[in-house]
Amino acid sequence: MTSEVRDVESKHGSSSRNASTVLEKTPKGIVLGKDGKPCRVCTTFRDWTKQERKKQHGVTEAVGTFSAAALNSASTSSIPQAPQECPPDVEQLGRATWTFLHTMAAYYPEVPSYEQQRSMKSFLTTFSQFYPCDPCAEHFRDEMRKKPPRVESRWALGRWICEMHNLVNEQLGKEIFDCDKIDERWKDGPKDKRCD
Ligand SMILES: Cc1cc2nc3c(=O)[nH]c(=O)nc-3n(C[C@H](O)[C@H](O)[C@H](O)COP(=O)(O)OP(=O)(O)OC[C@H]3O[C@@H](n4cnc5c(N)ncnc54)[C@H](O)[C@@H]3O)c2cc1C
């Protein structure tokens, strides 16, 4: 078990055991899919390339062993970023998906018809079955069972997705987002107009 997984367990106690074990990693940071094999889209680029390069060249895990192409030259961070043409890792896929989900909720009808509500429920159920990071999807489905989607209004859906995202944030030890700010973040932009 990695220290990251251990940290999550010790921080959140047994109630988060499910969440953390869902993301059980090999000691090298590679997350396994439900087929028991290393899952690229469930793993960070950094951990994936570390392993792959080790396998290919028998190199050490130091950051300095990454190719220049794998380093994001625009960033001052020493964490390597995937070149644009690489398949998504768990973080890139996550960011893109949350962007889509929050934006979809922001533009959902204020008062959706019965048919629209049904379609949205059906979409979210299907989404949770096919999200390509298996352990993420499994966790999402578990949470959806405990807290079924709210689709009766734009406000309710936006709030529900925000809360689901916060559950993942909590599991990963990230900051909890203030759900009163979803419209500012995903629809209207900040009051100082820097996005206009
Ligand atoms: C359904 C789903 C399940 C996932 N499960 C896992 C998992 O089990 N393990 C794992 O390692 N990764 C998981 N991920 C990926 C993870 O949530 C992040 O997307 C990824 O770690 C990148 O994080 P980030 O810090 O760049 O920002 P993200 O968490 O991707 O957030 C993007 C932006 O959304 C805004 N934001 C943050 N929180 C909220 C919120 N609650 N409401 C509204 N806006 C918000 C912030 O402005 C943030 O910059 C999952 C992603 C999805 C879509």
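The values are calculated or read from the model by the stated rules, or taken from the named source; none is laboratory data. No experiment lies behind these values; they were computed from the predicted model shown. Cβ sites come from the backbone with ideal geometry, for glycine too, and all protein chains shown count toward neighbours.
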### Query
Being outside any helix (DSSP H, G or I), surrounded by 12 or more Cβ atoms within 10 Å (Cβ to Cβ), basic (Lys, Arg) and free of Cβ contacts under 8 Å to residues at least 60 places away in the same chain, is that true of even one residue in the stretch 140-155?
yes
#### Entry: One residue from Gln171, Gln116 being modelled with pLDDT of 95 or more and touching a Pro at 6+ places or on another chain (Cβ under 9 Å)
Gln116
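Tell me whether the stretch 128-147 contains one or more residues that are among the aliphatic types (A, V, I, L, M) and farther than 30 Å from Gly29 by Cα.
No, the stretch 128-147 contains no residue that is among the aliphatic types (A, V, I, L, M) and farther than 30 Å from Gly29 by Cα.
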### Query
If you take the residues in the stretch 181-196 that are more than 8 Å from the ligand (Cβ to nearest atom) and touching a helix residue (DSSP H, G or I) at 6+ places or on another chain (Cβ under 7 Å), which one is farthest from Ala106 (Cα to Cα)?
Pro190
### Task
From (1) more than 10 Å from the ligand (Cβ to nearest atom); (2) modelled with pLDDT of 95 or more; (3) within 21 Å of the chain's Cα centre (by Cα), pick out the condition that doesn't hold for Ala82.
(2)
## Note on the structure
(1) in contact (Cβ under 8 Å) with a residue 24 or more places away in the chain; (2) part of a helix (DSSP H, G or I); (3) under 12 Å from the mean Cα position of the chain (by Cα) all hold for Ala96 apart from (1)
### Task
Select, from Asp89, Asp178, the only residue that is near the ligand (Cβ under 10 Å from one of its atoms), charged (D, E, K, R) and in contact with a Ser or Thr (Cβ under 8 Å, 6 or more places away or on another chain).
Asp89
### Query
Are there any pairs with C-beta distances below 6 angstrom linking a residue in the stretch 35-51 that is over 12 Å from Cys133 (Cβ atoms) to a residue that is of a type in the set (Asp, Glu), with the two at least 6 apart or on different chains, and if so which?
Phe45/Asp89; Lys50/Glu61
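Conditions tested, residue by residue: (1) in contact with a Leu (Cβ under 6 Å, 6 or more places away or on another chain); (2) closer than 18 Å to His165 by Cβ; (3) surrounded by fewer than 18 Cβ atoms within 10 Å (Cβ to Cβ); (4) modelled with pLDDT of 95 or more.
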position: Thr49; (1), (2), (3), (4): no, no, no, no
position: Gly58; (1), (2), (3), (4): no, no, yes, no
position: Tyr108; (1), (2), (3), (4): yes, yes, no, yes
position: Met120; (1), (2), (3), (4): no, yes, no, yes
position: Phe123; (1), (2), (3), (4): no, yes, yes, yes
position: Ser128; (1), (2), (3), (4): no, yes, no, yes
### Query
Which numbered condition trips up Lys121, out of (1) farther than 26 Å from Pro38 by Cβ; (2) part of a helix (DSSP H, G or I); (3) within 9 Å of the ligand (Cβ to nearest atom)?
(3)
